[in-house]
Amino acid sequence: MAEEVKLFKTWSTPFGLRVVWALKLKGIQYDAIDEDLSNKSALLLQYNPVYKKVPVLVHNGKPISESLVILEYIDETWKQNPILPQDPLEKARERFWAKFNDEKLLPSIWGVFTKEGKEREEAIADSLENLQFVEEELTGKKFFGGEKIGLADLVFGWLAYLICVFEEVTGLKIIDERFPLLLAWIQEFSELPIIKDNFPPHDKLIIRYQAFYEKYHPAK
Amino acid sequence: MADEVKLFGMWASPYSRRVELALKLKGIPYEYIEEDLSNKSSLLLKYNPVHQKIPVLVHNGKPIAESLVILEYIDETWRNNPVLPQDPYDRAMARFWAKFIDEKLLTTARKVSFATGKEQDQAIEQITEQLKLLENELKGKEYFSGQSIGYLDIVANVLVFWFRNLQEALGVDMFTEEKFPIIFEWIGKLVKIDTVNECRIPKEKHLDYIRTRLEALKFSSK
């Protein structure tokens with residue numbers, strides 16, 4: 001039976017992009033369906049009734065939602081170019097850092113982008129603390145996965161193309177020279193063809209996040 | 001080399017208890033270290049510097065933190081009595097609902113606990129919706145994991161003791177047999193399993209604990 005793989009996403013979602021990277025790394029053919037989140041398709045709502053969000057992977061008609069769940073599914077279903085190591089402790093490490101990104105790092109940096117005054121100061125302090133942990137994790141490693149990229153690299157991957165957008169729009173430096181390993185990782189990661197060929201267009205991202213910024217910080 | 005397994009936990013934490021349940025289901029001997037969360041041990045802070053939380057599993061000196069990450073580690077390291085299914089799609093479904101419990105259900109339960117008046121009503125509406133979604137996953141099955149208990153039952157164990165105790169402590173119409181007959185039928189089966197009972201939380205102690213915390217929070221928010 002021919003394999004049918006569909007991915008519901010948007011052009012800009014970092015959660016969708018990590019799935020795109022995984023599919024491309026493994027050479028999996030798929031149909032991309034870019035959603036308009038202000039007008040979600042009936043198919044998306046059918047495939048993800050619980051969250052009504054992207055990304056959703058549909059494999060031979062069966063839907064899987066939640067990007068980290070999707071990434072594990074992809075790795076277990078298509079065994080070439082694994083994104084998780086064999087060793088349980090190393091696997092646990094990758095999963096730990098993936099969760100850290102989604103539950104701590106990303107929200108704290110988003111807080112820097114969206115908040116004002118004292119709340120922003122707190123978000124900045126949190127972000128710096130979180131970035132420091134990530135920096136330490138890179139000690140002695142080229143990628144979070146070691147010599148080659150793995151799950152954690154794909155999950156942290158948004159830093160490689162979105163931080164510069166945030167910095168340009170806010171005028172704040174978020175990842176500065178205090179984080180040399182992270183800056184080096186961003187360079188290495190961004191040089192991989194599969195990664196950079198799929199970065200969303202920078203100019204389009206600037207427009208999008210400029211609009212968000214104005215929404216969160218209305219001119220008084 | 002003999003395996004050395006330690007678990008840093010806390011008696012009232014569902015996250016800690018679910019790890020104990022997994023270890024017991026697989027018959028893995030372990031040393032349990034009860035943490036005083038108001039005075040965390042230096043060992044805990046050394047083993048989990050990032051979150052400084054329990055549970056932390058330490059296997060032959062190597063720490064693993066985050067309860068769902070620990071559960072997967074346990075399943076992959078000790079292969080007897082697997083708790084996750086074999087099929088990738090079934091595994092994805094189990095992981096999806098485990099995340100749902102931790103990220104949605106438990107967050108809303110906290111809102112129900114700490115909110116009052118209209119806000120609490122809204123939180124109860126929200127949790128009712130979420131519990132109904134979860135209850136759907138039990139339809140036509142003995143347990144969440146099928147014929148015997150597994151990963152999702154271990155994670156959903158939070159419903160068996162915590163949710164019931166919370167219901168009693170709060171006195172609101174949040175988690176009752178009338179509203180969720182299928183979940184309660186599942187609870188009835190779970191409490192008959194020895195291993196589940198070995199990990200039960202002492203009820204009166206827990207009710208006191210919940211009430212004390214609610215009082216402290218109400219007091220501090222004035």
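The values are calculated or read from the model by the stated rules, or taken from the named source; none is laboratory data. In this text the structure is predicted, and so the values were computed from the model without any measurement. A quick note on method: Cβ atoms are made from the backbone with ideal geometry, for glycine too, and the neighbour counts reach across all protein chains shown. Each accessible area value is taken on the protein alone, full model and side chains, heavy atoms only, with ligands, DNA and RNA left out. Shrake-Rupley method; radii C 1.70, N 1.55, O 1.52, S 1.80 Å.
So in region B:65-83, with the set limited to residues that are of a type in the set (Val, Ile, Thr) and within 17 Å of the chain's Cα centre (by Cα), which one is surrounded by the fewest Cβ atoms within 10 Å (Cβ to Cβ)? The qualifying residue surrounded by the fewest Cβ atoms within 10 Å (Cβ to Cβ) is B:69. When the helices (runs of 4 or more DSSP H) confined to region B:53-133 are screened for residues that are facing another protein chain (nearest Cβ under 9 Å) and among the β-branched types (Val, Ile, Thr), those reaching at least 3 such residues are found at B:67-77.
Every listed requirement among (1) open to solvent by less than 60 Å² (accessible area, probe 1.4 Å); (2) in a helix (DSSP H, G or I) is met by residue A:199 save one, (2).
Candidates are the residues of region B:176-195 that are of a type in the set (Val, Ile, Thr) and in a loop (DSSP other than H, G, I, E, B); the one that is surrounded by the most Cβ atoms within 10 Å (Cβ to Cβ) is B:193.
In region B:39-52, of all residues being more than 8 Å from every other protein chain (Cβ to nearest Cβ), open to solvent by 10 Å² or more (accessible area, probe 1.4 Å) and of a type in the set (A, V, I, L, M, F, W, C), the one that is nearest to residue A:72 (Cα to Cα) corresponds to B:45.
Return yes when residue A:103 is assigned to a helix (DSSP H, G or I), surrounded by fewer than 16 Cβ atoms within 10 Å (Cβ to Cβ) and away from chain B (no Cβ under 11 Å) and no when it is not. Here the answer is no, as residue A:103 does not meet what is asked.
Of the residues A:150, A:157, A:111, A:145, which single one is over 24 Å from residue B:92 (Cα atoms) and at pLDDT 95 or above?
A:111
Per the listing A:94, A:121, the residue uniquely surrounded by fewer than 16 Cβ atoms within 10 Å (Cβ to Cβ), free of Cβ contacts under 8 Å to residues at least 60 places away in the same chain and of a type in the set (Asp, Glu) is A:121.
Tell me, which residue of region B:134-143 that is open to solvent by less than 50 Å² (accessible area, probe 1.4 Å) and more than 15 Å from residue A:51 (Cα to Cα) is farthest from the other protein chains (Cβ to nearest Cβ)?
Taking the candidates together, the pick is B:143.
If you go through region A:15-45 and keep only what is surrounded by fewer than 19 Cβ atoms within 10 Å (Cβ to Cβ) and out of contact with any strand residue (DSSP E or B) (no Cβ under 8 Å at 6 or more places or on another chain), you end up with A:24, A:26, A:27, A:36, A:37, A:38, A:39, A:40, A:42, A:45. Can you pull out the residues in region A:88-99 that are at the interface with chain B (Cβ under 8 Å from one of its Cβ atoms), more than 12 Å from the chain's Cα centre (by Cα) and closer than 15 Å to residue A:67 by Cβ? A:95 - this is the single residue of region A:88-99 that is at the interface with chain B (Cβ under 8 Å from one of its Cβ atoms), more than 12 Å from the chain's Cα centre (by Cα) and closer than 15 Å to residue A:67 by Cβ. On the given criteria, is residue B:36 surrounded by fewer than 19 Cβ atoms within 10 Å (Cβ to Cβ), touching a Leu at 6+ places or on another chain (Cβ under 9 Å) and not polar (S, T, N, Q)? So residue B:36 does not fit the description; no.
Checked across region A:61-80, the condition of being away from every other protein chain (no Cβ under 14 Å) and in a loop (DSSP other than H, G, I, E, B) holds for at least one residue. The number of residues in region A:34-60 that are touching a residue at least 40 places away in the same chain (Cβ under 8 Å) and part of a strand (DSSP E or B) comes to 4.
Restricting to region A:124-141, count the residues that are surrounded by fewer than 15 Cβ atoms within 10 Å (Cβ to Cβ) and part of a loop (DSSP other than H, G, I, E, B).
Number of matching residues: 3.
Condition check ((1) in a loop (DSSP other than H, G, I, E, B); (2) open to solvent by less than 20 Å² (accessible area, probe 1.4 Å); (3) closer than 18 Å to residue A:97 by Cα; (4) in contact (Cβ under 8 Å) with a residue 12 or more places away in the chain) across all residues:
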| position | (1), (2), (3), (4) |
| --- | --- |
| A:153 | no, yes, yes, yes |
| A:159 | no, yes, yes, yes |
| A:165 | no, yes, no, yes |
| A:168 | no, no, no, yes |
| A:173 | yes, no, no, no |
| A:181 | no, no, yes, yes |
| A:194 | no, no, no, yes |
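Consider region B:196-210 and keep the residues that are open to solvent by 100 Å² or more (accessible area, probe 1.4 Å) and assigned to a helix (DSSP H, G or I). The one that is nearest to residue B:30 (Cα to Cα) is B:198.
When residue A:51 is tested against (1) under 15 Å from residue B:95 (Cβ atoms); (2) of a type in the set (Ser, Thr, Tyr); (3) away from chain B (no Cβ under 14 Å), only condition (3) is not met.
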